[in-house]
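To start, the structure itself, in structure tokens.
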Amino acid sequence: MRNAVDLRVDLAGVELKNPVVMASGTFGFGREYGQFYDLSELGGICVKGLTAAPREGNPPPRIAETPMGILNSVGLQNPGVDAFIAQELPFLRQYDVKVIANISGNTPEEYGEMCEKLSEAGVDMIEVNISCPNVKAGGLAYGTRPELAAEVTRMAKEHSAVPVMVKLSPNVTDITEIARAVADAGADAVSLINTLRGMRIDIATRRPILKMNTGGLSGPAVLPVAVRMVWEVAGAVNIPILGMGGVAKGEDAAQLMLAGACAVAVGTACFADPYAPLKVRDGLAKIAGEQGLDKVSGLTGSVRPW
Ligand SMILES: Cc1cc2nc3c(=O)[nH]c(=O)nc-3n(C[C@H](O)[C@H](O)[C@H](O)COP(=O)(O)O)c2cc1C
């Protein structure tokens, strides 16, 4: 019998016991999914996007189905960074899983303040969201302009005692330009992709389905875009990549790793199947084993482009 594949991966100095991380905003703070399985089975959890003050998010309807995906305009509903530290982090700390705090700020200074609080509170890593399409302030405004993305990254790095990963938006002409800007500004890793801006319209009422008119597209429909962007970014920067966008099974995750990701995040797939992340993990192990690898990390960046 072949030896088991080593599933451990290194993401900017943070060792994950397997490459499967939960994508921010699709797993809350883990409490609901913790009723299905032991959260220690996961490599990491990116928690719901945190802001300096609590937010109620956008008005409903804010989720709409699409072919092979969903549109959402949730708009960073969260209890705020202080409540997360007081109430949610102790819950997550019961498990042997890396906790990645996802943050969104209105100003670079606000990103800095949150990084300081979260590092002190002992999260394992900070994911700086500069790519939320569903909020007016901060969010996408930072993620589409290289100089602003760099400024937020520098501020986060100055105020963090843990590795900083910057989450990139696919809603740009050239994602490598932003990736280079944040890498040059000191980012320890990048994660991509966030959702793609989209819209649905009810033809009978002539009203957009979402109350915010537009939203962010995620799910299997976006996988090929994610694979292409991870591949482009891997060719442009020398920092590790957390790949995501449409991962629902091992084969999807393997594509992102071959394109250059060290680890992968699973988001929308959990809504249809809470066990999706565990299936992705087991599927990846099977694929790596069948391909004769002793470590799953052997997949990373080993695509053979024509
Ligand atoms: C309902 C919902 C809420 C999300 N909230 C956040 C968020 O708070 N912060 C963030 O960085 N990304 C957020 N995302 C984006 C996901 O983390 C992920 O980048 C994207 O959905 C692509 O992955 P997927 O196709 O596996 O869902 C959200 C996505 C969805 C569907």
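The values are calculated or read from the model by the stated rules, or taken from the named source; none is laboratory data. Here the structure is a predicted model, which is why all the values come from computation and not from measurement. Here Cβ is always computed from backbone atoms with ideal geometry, including for glycine, and neighbour counts include all displayed protein chains. Heavy atoms of the whole protein, side chains included, go into the accessibility calculation; ligands, DNA and RNA do not. Shrake-Rupley method; radii C 1.70, N 1.55, O 1.52, S 1.80 Å.
Observations on the structure shown:
- For the stretch 212-226, the candidate set comprises residues that are open to solvent by 20 Å² or more (accessible area, probe 1.4 Å) and in a loop (DSSP other than H, G, I, E, B); within that set, the residue that is farthest from the ligand (Cβ to nearest atom) is N213.
- Test result for V190, within 15 Å of the ligand (Cβ to nearest atom), in a strand (DSSP E or B) and over 24 Å from I63 (Cβ atoms): yes
- Filtered by the rule that a residue be open to solvent by 10 Å² or more (accessible area, probe 1.4 Å), closer than 20 Å to K286 by Cβ and within 13 Å of the ligand (Cβ to nearest atom), the stretch 256-276 gives A269, D273.
- Single residue of L71, L42 found to be touching a residue at least 60 places away in the same chain (Cβ under 8 Å) and either open to solvent by 60 Å² or more (accessible area, probe 1.4 Å) or within 20 Å of V264 (Cα to Cα) (or both): L42
- Residue count for the stretch 181-211, restricted to those that are out of contact with any Asp or Glu (no Cβ under 8 Å at 6 or more places or on another chain) and surrounded by 20 or more Cβ atoms within 10 Å (Cβ to Cβ): 13
- Those residues of the stretch 122-180 which are buried (at least 21 other Cβ atoms within 10 Å of the Cβ), hydroxyl-bearing (S, T, Y) and not in a helix (DSSP H, G or I), in sequence order: S131, S160, S169
- L71 vs. criteria closer than 23 Å to K211 by Cβ, aliphatic (A, V, I, L, M), within 14 Å of the ligand (Cβ to nearest atom) and part of a loop (DSSP other than H, G, I, E, B): no
- Residue in the stretch 91-108 that is open to solvent by 10 Å² or more (accessible area, probe 1.4 Å), over 19 Å from the mean Cα position of the chain (by Cα) and under 16 Å from V164 (Cα atoms) present: yes
- Test: F27 is more than 16 Å from the ligand (Cβ to nearest atom) and either open to solvent by 10 Å² or more (accessible area, probe 1.4 Å) or in contact (Cβ under 8 Å) with a residue 40 or more places away in the chain (or both): no
- Test: residue in the stretch 227-240 that is in a strand (DSSP E or B) and out of contact with any Asp or Glu (no Cβ under 7 Å at 6 or more places or on another chain): no
- Take the conditions (1) within 10 Å of the ligand (Cβ to nearest atom); (2) open to solvent by 30 Å² or more (accessible area, probe 1.4 Å); E15 misses just one of them, which is (1).
- Residue in the stretch 240-252 that is of a type in the set (D, E), open to solvent by 60 Å² or more (accessible area, probe 1.4 Å) and either touching a Phe, Trp or Tyr at 6+ places or on another chain (Cβ under 7 Å) or more than 12 Å from the ligand (Cβ to nearest atom) (or both) present: yes
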